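Q: Have a look at this one before I ask anything.
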Amino acid sequence: MAPVKVFGPAMSTNVARVILCLEEVGAEYEVVNIDMKGQEHKSPEHLARNPFGQIPAFQDGDLLLWESRAISKYVLRKYKKDEVDLLREGNLEEAAMVDVWTEVEAHTYNPALSPIVYQCLIGPMMRGVPTDEKVVAESLEKLKKVLEVYEARLSKHSYLAGDFVSFADLNHFPYTFYFMATPHAALFDSYPHVKAWWDRLMARPAVKKIAATMVPPKA
């Protein structure tokens, strides 16, 4: 059987989310780079894979998917094993908590943290745009409030959905990894349970492997 294909640069946060899930389940895959500067993601060939002209796109035989969280869930369902069940769909309550914290990441955590990554790393280092310190300051205040909730949750459980690692946790990896390369990484030290949770994630073999391919620009 041919390996599945992930289209997009491996250092992209959304591409990395998918690749991490593939690594966690031990699936064979191929990463097909897309030249973002060359606008390859807007080419007719790529638009046939992702009609919104974004990355990643994903191919499994005749099946084409886009949206990294949806792709990741497909991967985790297809390659689910007794010892690798990151969606916990065999347990209604556990699966619900995975869904809750997956939504929290998408709609609360990421909107607070990602502007800091953009302003401190992506904008100045990759696009020549100076850091907007006002945006950073406002985002840090939002992130602190989010991390207070995470700290309370993680003081009771080892991971977000419970005392088991899940997609809800892995989902946080790509942007948090880049956040830790910004001048504001020390913020996590103020939330010891959050920091311990992050350290546990970073110790996972699949996370270590993907992190090695995601060299962040220097802040």
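The values are calculated or read from the model by the stated rules, or taken from the named source; none is laboratory data. Model, not experiment: these values are computed from the prediction. Backbone-built Cβ (ideal geometry, glycine too); neighbour counts: all protein chains shown. Ligands, DNA and RNA are excluded from the accessible area calculation, which covers all protein heavy atoms including side chains. Shrake-Rupley method; radii C 1.70, N 1.55, O 1.52, S 1.80 Å.
Q: If I ask for residues that are buried (at least 17 other Cβ atoms within 10 Å of the Cβ) and either part of a loop (DSSP other than H, G, I, E, B) or of a type in the set (Ser, Thr, Tyr) (or both), which ones from region 31-53 would you list?
A: ILE34, ARG49, ASN50
Q: Residue under question is TYR109, and the condition is that it be out of contact with any His (no Cβ under 7 Å at 6 or more places or on another chain) and either surrounded by 18 or more Cβ atoms within 10 Å (Cβ to Cβ) or in contact (Cβ under 8 Å) with a residue 24 or more places away in the chain (or both); does it hold?
A: Working: out of contact with any His (no Cβ under 7 Å at 6 or more places or on another chain): no; either surrounded by 18 or more Cβ atoms within 10 Å (Cβ to Cβ) or in contact (Cβ under 8 Å) with a residue 24 or more places away in the chain (or both): yes.
The answer is no for TYR109.
Q: With the structure loaded, tell me whether ALA203 is at pLDDT 95 or above, out of contact with any Lys or Arg (no Cβ under 8 Å at 6 or more places or on another chain) and over 22 Å from ASP99 (Cα atoms) or whether it fails that test.
A: On the way: at pLDDT 95 or above: yes; out of contact with any Lys or Arg (no Cβ under 8 Å at 6 or more places or on another chain): yes; over 22 Å from ASP99 (Cα atoms): yes.
When the stated conditions are applied, ALA203 passes them.
Q: Next question. Only one residue in ALA16, ALA10, ALA57 is among the aliphatic types (A, V, I, L, M), farther than 30 Å from GLU138 by Cα and in contact (Cβ under 8 Å) with a residue 40 or more places away in the chain, so which one is that? Spell out the reasoning first.
A: Details: ALA16 fails: farther than 30 Å from GLU138 by Cα; ALA10 fails: farther than 30 Å from GLU138 by Cα.
From the options ALA16, ALA10, ALA57, the qualifying one is ALA57.
Q: Do you know which residues across region 176-194 are farther than 16 Å from GLN119 by Cα and not in a helix (DSSP H, G or I)?
A: Passing the criteria: only TYR191.
Q: Are any residues in region 176-197 within 18 Å of ALA16 (Cα to Cα) and surrounded by fewer than 20 Cβ atoms within 10 Å (Cβ to Cβ), and if so, which ones?
A: First, pick out the residues of region 176-197 that are within 18 Å of ALA16 (Cα to Cα): 176-181.
MET180, ALA181, listed by residue number.
Q: Given SER158, SER166, which one is hydroxyl-bearing (Ser, Thr, Tyr) and open to solvent by less than 10 Å² (accessible area, probe 1.4 Å)? Lay out the reasoning, then the answer.
A: Values: SER158 fails: open to solvent by less than 10 Å² (accessible area, probe 1.4 Å).
Just one listed residue meets the conditions, SER166.
Q: Give region 35-54 a look and list any residue that's under 21 Å from VAL75 (Cα atoms) and touching a helix residue (DSSP H, G or I) at 6+ places or on another chain (Cβ under 9 Å), or say none.
A: HIS46, ASN50, GLN54
Q: Looking at region 3-12, can you tell me whether even one residue there is at pLDDT 95 or above and open to solvent by 60 Å² or more (accessible area, probe 1.4 Å)?
A: Yes: one or more hits.
Per-residue answers, yes or no, for (1) touching a residue at least 24 places away in the same chain (Cβ under 8 Å); (2) part of a helix (DSSP H, G or I); (3) touching a helix residue (DSSP H, G or I) at 6+ places or on another chain (Cβ under 6 Å):
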site: ALA152; (1), (2), (3): no, yes, no
site: SER158; (1), (2), (3): yes, no, no
site: PHE164; (1), (2), (3): yes, no, no
site: PRO174; (1), (2), (3): yes, yes, yes
site: ALA196; (1), (2), (3): yes, yes, no
site: LYS208; (1), (2), (3): no, yes, no
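Q: Suppose the filter is open to solvent by less than 60 Å² (accessible area, probe 1.4 Å), assigned to a helix (DSSP H, G or I), at pLDDT 95 or above and out of contact with any Phe, Trp or Tyr (no Cβ under 8 Å at 6 or more places or on another chain); does GLU93 pass it? Show your work before the answer.
A: On the way: open to solvent by less than 60 Å² (accessible area, probe 1.4 Å): no; assigned to a helix (DSSP H, G or I): yes; at pLDDT 95 or above: yes; out of contact with any Phe, Trp or Tyr (no Cβ under 8 Å at 6 or more places or on another chain): yes.
Answer is no for this residue.
Residue-wise test of (1) under 29 Å from ARG153 (Cα atoms); (2) of a type outside the set (D, E, K, R); (3) free of Cβ contacts under 8 Å to residues at least 40 places away in the same chain; (4) in the same structural domain as PHE167 (by the TED database).
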{"residue": "GLY53", "(1), (2), (3), (4)": "no, yes, yes, no"}
{"residue": "ARG69", "(1), (2), (3), (4)": "yes, no, no, no"}
{"residue": "ASP85", "(1), (2), (3), (4)": "yes, no, yes, no"}
{"residue": "GLU103", "(1), (2), (3), (4)": "yes, no, yes, yes"}
{"residue": "GLY123", "(1), (2), (3), (4)": "no, yes, yes, yes"}
